[in-house]
Amino acid sequence: MAGTPPANDSDADSPATGVGGDTSSEDPAKRESPDDESGAERPTDGGGARTTREQRVIIASVIASTFFVGFGGGVIFPILPNLGVVLGISPFMVGLILSANRFSRLFANAPAGILVDRIGTRTPFVVGLFVQAVATSGYVIAYLAPLPEFWFMSARVIWGLGSALVFATAYTIAADVSDANSRGTSMGVIRGGIIFGFPTGLVIGGIVSEVWGSIAAFVIATLFALIASLLAYRTVPETHVEGAPRGAVKPWDVDTTITSLTVGLVNFTVLFAYIGALFATLVLFLEYHSIGVFGFDAQGTSGIFMAVTVIAAAVFMFLGGYVTDRRGSRVPTLLFFLGIMFVGFLLLARAGSLWTLTIACVFIGAGQGGTSGPLMALLADLTPNERMGRATGTNNVLGDIGGGLGPMLSLPLVDVVGFWPVYAACAVMPVIAGVVLVFGVYSETGQFSPTTETVTAGGGSVADD
């Protein structure tokens, strides 16, 4: 498992030892990885190899970098649905553009994870941030140049390629520098840092574009993305691979273990509803119900509501991870927050006023956020350190399928059946996620709610006994 190499790698080629396996004579930090045929020394447990202060500095650097670059991800959401009308872009094409980064990242996630396990985290992280900065500048070109659909689509595709590198490295860094007692909190704050950049981008996209124009919003997001690239270059060290690259990590070695697929499918269902449906349709929902705040129209108001939703998510990402670290178990907290998300979408389906919409958005954000940190911690608990990059890539692939399909389905369906049937259908998604989670964890560990101590002692898979 990430951070603490397991006695049993259930998804590698080594034989299983199970809970009863005798590993007392072997130093886990020095145990040779089955993937590491190149002779390169594998880093020891990140949590044990570094002081607490060093861990916090690394985590803080990653948070700051992903926060600044995240502006470019959020800035386009409040602008493009209405801008599409002005520029003559169809609703389907708007949905496709908003989803394009997820589809390009879909194809880049697995290679990015393999690259991280092969060469390490620092170089892919810095390069990924710079690629996202370049992509954000493409929004300015799209606004000014002919064929705006082409330029917006190109910018989103390039953004997705960069974010695949950033996501794979950020979570792997968190796994490298944490252990079972701090992993949930570390994953929560990393994910919170990524997600806090997004609502800031939503505010820039909604409010700044309304006051100073869309170009100003795009330029500001581009500048902050460049700052993120420079910050990462100066402050983020290598955490994953020491010495020569791992030659045994093959370009086609995609992680398809039960753990990766379970976590990825939960991510799929949550992001389908959260990003794919809610964020893609919120500005249209506000226009339909004539809801506005602080004198802003639907575009500016949507940025504020999206920000409220994502801020709630970011807060509960940290709290959810912290609770699972203290309780020593991930599954009960995950099920609780999936239930909160279910309630939020039911409230949204019947919302028609400012206050009911606010409550629904807070519930949805809290539910999504409360699952994110513990979900990534669960993945790290059950995944050997040397495979964490690939496991993260698989998780991101499935999450991006969900987030990408959402806008393509929800925007046309809203035109046909209206808002409440779409949102009611989205309420079912967290329920499906809960079922997948429970049975997937049981298949991998032999328990419905394993503790972190159990999976640590059992090498990540009690079921392999």
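Quick one: how many residues across segment 326-346 are assigned to a strand (DSSP E or B) and at pLDDT 90 or above?
Residues in segment 326-346 being assigned to a strand (DSSP E or B) and at pLDDT 90 or above: 0 in total.
Looking at GLY300, is it at pLDDT below 80 and either among the acidic types (Asp, Glu) or touching a helix residue (DSSP H, G or I) at 6+ places or on another chain (Cβ under 6 Å) (or both)?
Considered against the rule, which asks whether it is at pLDDT below 80 and either among the acidic types (Asp, Glu) or touching a helix residue (DSSP H, G or I) at 6+ places or on another chain (Cβ under 6 Å) (or both), GLY300 comes out as yes.
What is the one condition in (1) farther than 30 Å from GLY352 by Cα; (2) without any contact (Cβ under 8 Å) to a residue 40 or more places away in the chain that ARG387 does not satisfy?
Among (1) farther than 30 Å from GLY352 by Cα; (2) without any contact (Cβ under 8 Å) to a residue 40 or more places away in the chain, the lone unmet condition for ARG387 is (2).
Only one of (1) more than 25 Å from GLU54 (Cα to Cα); (2) more than 14 Å from the chain's Cα centre (by Cα); (3) assigned to a helix (DSSP H, G or I); (4) not hydrophobic (A, V, I, L, M, F, W, C) fails for PRO146. Which number is that?
The number of the failed condition is (3).
Only one of ALA175, ALA168, ALA112, ALA155 is of a type outside the set (D, E, K, R) and without any contact (Cβ under 8 Å) to a residue 24 or more places away in the chain. Can you tell me which?
Testing whether each residue is of a type outside the set (D, E, K, R) and without any contact (Cβ under 8 Å) to a residue 24 or more places away in the chain leaves just ALA155.
Which residue, of ALA228, ALA180, ALA174, is modelled with pLDDT of 80 or more and among the aliphatic types (A, V, I, L, M)?
ALA228
Tell me, yes or no, whether segment 307-323 has at least one residue that is modelled with pLDDT under 90, within 28 Å of ASP176 (Cβ to Cβ) and not in a helix (DSSP H, G or I).
No, because not a single residue in segment 307-323 is modelled with pLDDT under 90, within 28 Å of ASP176 (Cβ to Cβ) and not in a helix (DSSP H, G or I).
Out of all the residues in segment 394-435, which are buried (at least 19 other Cβ atoms within 10 Å of the Cβ), modelled with pLDDT of 90 or more and aliphatic (A, V, I, L, M)?
Across segment 394-435, the qualifying residues are VAL422, ALA427, MET429, ALA433.
Test of understanding: among VAL293, VAL315, VAL310, which residue is under 18 Å from the mean Cα position of the chain (by Cα), closer than 14 Å to VAL203 by Cβ and β-branched (Val, Ile, Thr)?
Checking each option against the conditions leaves just VAL310.
Filtering segment 84-110 down to residues that are in contact with a Leu (Cβ under 8 Å, 6 or more places away or on another chain) and at pLDDT below 80, which residue is nearest to PRO146 (Cα to Cα)?
Selected residue: ILE89.
For segment 355-381, name all the residues that are among the polar types (S, T, N, Q) and buried (at least 22 other Cβ atoms within 10 Å of the Cβ).
GLN368, THR371, SER372 - these are the residues of segment 355-381 that are among the polar types (S, T, N, Q) and buried (at least 22 other Cβ atoms within 10 Å of the Cβ).
In segment 167-193, how many are under 19 Å from ASP400 (Cα atoms) and not small (Gly, Ala, Ser)?
7
If GLY352 satisfies all but one of (1) modelled with pLDDT under 85; (2) in a helix (DSSP H, G or I); (3) surrounded by fewer than 18 Cβ atoms within 10 Å (Cβ to Cβ); (4) of a type outside the set (Ser, Thr, Tyr), what's the number of the condition it fails?
Only one criterion in (1) modelled with pLDDT under 85; (2) in a helix (DSSP H, G or I); (3) surrounded by fewer than 18 Cβ atoms within 10 Å (Cβ to Cβ); (4) of a type outside the set (Ser, Thr, Tyr) is unmet by GLY352, namely (2).
Out of GLY367, GLY300, GLY328, GLY373, I need the residue that is within 21 Å of ASN109 (Cα to Cα) and small (Gly, Ala, Ser). Which one?
GLY373
The values are calculated or read from the model by the stated rules, or taken from the named source; none is laboratory data. Computed from a prediction, not measured in an experiment: that's the story for all the values here. In this analysis, Cβ positions are derived from the backbone assuming ideal geometry, glycine residues included, and neighbour counts consider all displayed protein chains.
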